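S.K.: Handing you this structure, nothing more for now.
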Amino acid sequence: VLTATSLDISGDIDVDGTTNLDAVNIDGAVTVGANDQGYDVTLHGDTAARNVVWDSSADSLIFSDNAKAIFGAGSDLKIFHDGSDSWISDDAGTGNLYVRSNDFIILNAPNNETLFRATQDGSVILYHNNAIKLATTATGAAITGAVKPTTYQETYVASSAASTVTLDLATA
């Protein structure tokens with residue numbers, strides 16, 4: 001048993017087996033594994049089962065349920081899964097949430113239906129069951145299918161069945 005208050009080593013240390021360290025202060029680069037021969041690294045959360053794992057075989061950083069990726073000095077943006085739902089959350093509300101893309105598409109989970117599409121200098125399209133229903137155009141909007149308003153505010157005058165009526169919606 002070696003007991004010391006400090007140990008300074010210049011050079012490499014090769015330890016086989018498990019090394020238990022209470023605290024580590026690393027003043028240089030850290031490498032885990034070698035290129036194409038990586039190892040998994042688990043970062044344990046303060047709450048049980050809220051871990052983040054670098055899975056070398058999947059080449060992925062995996063967050064368990066309720067383990068959050070947090071961005072910003074004030075923890076402004078959070079991305080996480082709570083066990084039921086997935087969240088992109090700007091809880092602090094300190095600004096806007098911008099998504100930058102020339103073509104922004106939202107797909108369903110199985111990736112076989114388009115729900116929404118916005119194209120730079122082009123249309124914004126809403127879909128129902130993978131079919132275009134509302135699309136903006138250079139001159140307005142195109143609607144596919146019936147338009148069924150839940151309320152209608154126009155004033156109308158009844159006419160007899162024998163007369164001909166011309167409707168001018170511009171003048172009411």
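S.K.: Pairs, please: C-beta under 9 Å, at least 6 apart or cross-chain, first residue without any contact (Cβ under 8 Å) to a residue 40 or more places away in the chain and on the phi > 0 side of the Ramachandran plot and in the range 60-71, second open to solvent by 40 Å² or more (accessible area, probe 1.4 Å) and acidic (Asp, Glu)?
M.R.: Within 9 Å, the pairs are Asn66/Asp82.
S.K.: Which of the strands (runs of 3 or more DSSP E) contained wholly in the range 85-133 include at least 1 residues that are touching a Lys or Arg at 6+ places or on another chain (Cβ under 8 Å)? Give the steps one after another, and end with the answer.
M.R.: On the way: elements: 86-89, 103-107, 114-119, 124-128.
Filter on the range 85-133 gives 86-89, 103-107, 124-128.
S.K.: Out of Gly11, Gly28, Gly38, I need the residue that is under 29 Å from the mean Cα position of the chain (by Cα) and farther than 30 Å from Thr94 by Cβ. Which one? Let's see the steps before the verdict.
M.R.: Details: Gly11 fails: under 29 Å from the mean Cα position of the chain (by Cα); Gly28 fails: under 29 Å from the mean Cα position of the chain (by Cα).
Being under 29 Å from the mean Cα position of the chain (by Cα) and farther than 30 Å from Thr94 by Cβ holds for just one of Gly11, Gly28, Gly38, which is Gly38.
S.K.: Hey, any hits in the range 54-67 for a residue that's open to solvent by 80 Å² or more (accessible area, probe 1.4 Å) and touching a Ser or Thr at 6+ places or on another chain (Cβ under 9 Å)?
M.R.: Taking every residue of the range 54-67 in turn, at least one turns out to be open to solvent by 80 Å² or more (accessible area, probe 1.4 Å) and touching a Ser or Thr at 6+ places or on another chain (Cβ under 9 Å).
S.K.: Considering only residues that are among the β-branched types (Val, Ile, Thr) and in a strand (DSSP E or B), which ones fall in the range 31-71? Full working, then the answer.
M.R.: Initial filter on the range 31-71 (among the β-branched types (Val, Ile, Thr)): 31-32, 41-42, 47, 52-53, 62, 70.
The answer is Val41, Thr42, Val52, Val53, Ile62, Ile70.
S.K.: Going residue by residue through the range 3-23, is there one that turns out to be touching a strand residue (DSSP E or B) at 6+ places or on another chain (Cβ under 8 Å), free of Cβ contacts under 8 Å to residues at least 40 places away in the same chain, assigned to a loop (DSSP other than H, G, I, E, B) and open to solvent by less than 100 Å² (accessible area, probe 1.4 Å)? Even if it seems obvious, please write down each step before you answer.
M.R.: Step one: of the range 3-23, the residues touching a strand residue (DSSP E or B) at 6+ places or on another chain (Cβ under 8 Å) are none.
No, there is no match, as no residue in the range 3-23 is touching a strand residue (DSSP E or B) at 6+ places or on another chain (Cβ under 8 Å), free of Cβ contacts under 8 Å to residues at least 40 places away in the same chain, assigned to a loop (DSSP other than H, G, I, E, B) and open to solvent by less than 100 Å² (accessible area, probe 1.4 Å).
S.K.: Would you pick out the residues in the range 109-129 that are touching a Ser or Thr at 6+ places or on another chain (Cβ under 8 Å) and either open to solvent by less than 70 Å² (accessible area, probe 1.4 Å) or touching a residue at least 24 places away in the same chain (Cβ under 8 Å) (or both)?
M.R.: Passing the criteria: Ser123, Val124, Ile125, Tyr127.
The values are calculated or read from the model by the stated rules, or taken from the named source; none is laboratory data. Since this is a predicted model, take the numbers as computed values, not measurements. With ideal geometry, Cβ positions are generated from the backbone for all residues, glycine too; neighbour counts draw on all protein chains shown. Remember, those area values only see protein heavy atoms, side chains included, never the ligands or the DNA or RNA. Shrake-Rupley method; radii C 1.70, N 1.55, O 1.52, S 1.80 Å.
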